[in-house]
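See below for the structure under consideration.
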Amino acid sequence: MLKGFKAFIMRGNIVDLAIAVVIGAAFGAVVAALVADFVTPLIAALFGKPDFSGLTFTINHSVFRYGHFINVMISFLAVAGAIYFIVVVPMQKLADRRKTGQEVLEATPAPSDEAVLLKEIRDVLVRNANG
């Protein structure tokens, strides 16, 4: 049972997912700072109110704090916009270039001297084994 669990954890996609979560959390912190330090002051400059968390309305002695919801929506839209313009759009352009064959093919590097020597040794061993 532990062997199966170890195999599950060591699968490449699990490690990739863990890395994506960590990078996503760090990216979320960057975007949260962007919203707090730039977007919120910009909203304050335009609308005169930097923080909407104090906005409420009351119905039958029940207080509805819709301002916090507005703050969270602004943060969400900032994160979604950043992901769209930084990740999705470039990936779509790359995929489109691949479809049309415009992708610049990377030149394969010349093999190192060691690799050439190893290939020669392999060829000699194969010839000696067959002949």
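The values are calculated or read from the model by the stated rules, or taken from the named source; none is laboratory data. What you are looking at is a predicted structure, and each value in this text was computed from that prediction instead of being measured. A quick note on method: Cβ atoms are made from the backbone with ideal geometry, for glycine too, and the neighbour counts reach across all protein chains shown.
Worth pointing out:
- Filtered residues of region 69-96 (kept if over 24 Å from Thr40 (Cβ atoms) and hydrophobic (A, V, I, L, M, F, W, C)): Val88, Val89, Met91, Leu94, Ala95
- Condition met for Thr40 (over 30 Å from Gly24 (Cβ atoms), polar (S, T, N, Q) and without any contact (Cβ under 8 Å) to a residue 40 or more places away in the chain): no
- Filter result for Pro41 (modelled with pLDDT under 85 and not in a helix (DSSP H, G or I)): no
- Just so you know, in region 44-79 the residues that are of a type in the set (Val, Ile, Thr) and not in a loop (DSSP other than H, G, I, E, B) include one that is surrounded by the most Cβ atoms within 10 Å (Cβ to Cβ), and it is Val79.
- Any hit, region 80-99, residues being among the acidic types (Asp, Glu) and surrounded by 11 or more Cβ atoms within 10 Å (Cβ to Cβ): yes
- Region 89-111: number of residues that are of a type outside the set (D, E, K, R) and modelled with pLDDT under 85: 10
- Among residues of region 8-24, those that are loosely packed, with under 10 Cβ neighbours inside 10 Å, small (Gly, Ala, Ser) and modelled with pLDDT of 75 or more, counted: 0
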